[in-house]
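Presented below is the structure to which this report refers.
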Amino acid sequence: IMCGIFGFLLNENLNENDIKEGMNATSKLRHRGPDNLDYWFDVNDGIFLGHTRLSIIDLDKRSNQPSLSQSSAMVFNGEIYNFKEIRKKLELEGNKFRTSGDTEVLHRLLEVNNSNESFKKLDGMFAISFYENASLTLAVDNFGEKPLFWIKNHKGLYFSSEIQPLFEMLCLEKDISEEKIAEFTTSGFLNNGRTF
């Protein structure tokens, strides 16, 4: 399964209840990442990022997420297959690294390059949340191997590796779409980014 990510960007400052609900929702993904659970938030920016980690490539605790720098924050689920190649190119440009895994390399790539251009350089399976300059970018690999559910409402944008924490936090009602089930059984996928 590999890791779990959860987060939201609100149209207002975070309050204590927002933070508590974010922590609770992140903990619901603990089964995805039993090795570490952590979160980061900025009250004034209205951003909350949570992560549960399953350590595979790099066991170093410095690779725990959220991955933070002075100007950005990132959580991701997955694996970047070509991170060593990307790391070498970044090192030639003067970047230095503290860890040997893909998390730090991915974060640095997104920071130094336009994030849209960065995604074109990635070979892997991933669901990524990258926050910089009051802007949140969500991305998944081309095949959607790593799940990322999201919902936007009047308060902001919420996302999660699993849909259940979103249902619980936002008190959403489940309404199964027979049309979407038929679409999936016919074509093997769902159009327009919608769920069942």
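Working with all protein chains in place, sort ARG30, ARG87 by solvent-accessible area computed with a 1.4 Å probe, largest first.
Numbers: ARG30 95, ARG87 50 Å².
So the residues, ranked largest to smallest area, are ARG30, ARG87.
Can you bin every Cα-Cα distance in segment 61-147 into 5 Å intervals starting at zero and give me the percent of pairs per bin, rounded to whole numbers? Cα pair-distance distribution for segment 61-147, in percent: 3, 15, 28, 28, 19, 6, 1.
A cut-off of 5 Å between modelled amide H atoms, ignoring neighbours fewer than 5 places along the same chain, links GLY124 with TYR81. Between amide H atoms placed 1.01 Å from N, distances below 5 Å from ILE163 occur with no residue 5 or more places distant or on a separate chain.
Rounded to a whole number, what % of the accessible area of segment 37-153 do carbon and sulfur atoms account for, probe 1.4 Å? Each step should come with its number before you reach the end.
Numbers: 2870 of 6140 Å².
It is 47 percent, rounded to a whole number.
Here the average projected area of the convex hull drawn through the C-alpha atoms of the chain stands at 11.5 nm². Its relative contact order, with pairs defined as Cα atoms under 8 Å and 6+ residues apart, puts the chain at 21 percent.
So with the 1.4 Å probe, I'd like the accessible area per residue for segment 1-123, rounded to whole Å². Write out the running numbers ahead of the final one.
Working: 6280 Å² over 123 residues.
Each residue of segment 1-123 exposes 51 Å² on average to a 1.4 Å probe.
Of the listed residues THR137, THR26, the order by accessible area with a 1.4 Å probe, largest first, is THR137, THR26.
What accessible area per residue, rounded to a whole number of Å², is obtained for segment 124-173 using a probe radius of 1.4 Å? Working shown, then result.
Details: 2630 Å² over 50 residues.
Accessible surface, normalised per residue, equals 53 Å².
With 0.36 nm allotted per residue and the present C-alpha distance subtracted, the SER71-ILE163 stretch has 30.2 nm of extension available.
Can you tell me the FRET efficiency between ASP175 and GLU93 if r is taken as the Cβ-Cβ distance and R0 is 35 Å, rounded to the nearest 0.05? Could you put the intermediate results ahead of the total?
Details: r = 50 Å, r/R0 = 1.42.
Once rounded, the FRET efficiency stands at 0.10.
With all protein chains in place and ligands, DNA and RNA left out, the 1.4 Å accessible area ranks LYS84, LYS28 as LYS84, LYS28, largest first. Rounded to the nearest 500, the 222 nm mean residue ellipticity of the chain from helices alone is -8000 deg cm²/dmol, with -39,500 (n - 2.57) taken per DSSP H run of at least 4 residues.
The values are calculated or read from the model by the stated rules, or taken from the named source; none is laboratory data. None of the values given here were measured: they were computed from a predicted structure. Cβ sites come from the backbone with ideal geometry, for glycine too, and all protein chains shown count toward neighbours. Note: accessible area is taken over every heavy atom of the protein model, side chains too, but ligands, DNA and RNA are not part of it. Shrake-Rupley method; radii C 1.70, N 1.55, O 1.52, S 1.80 Å.
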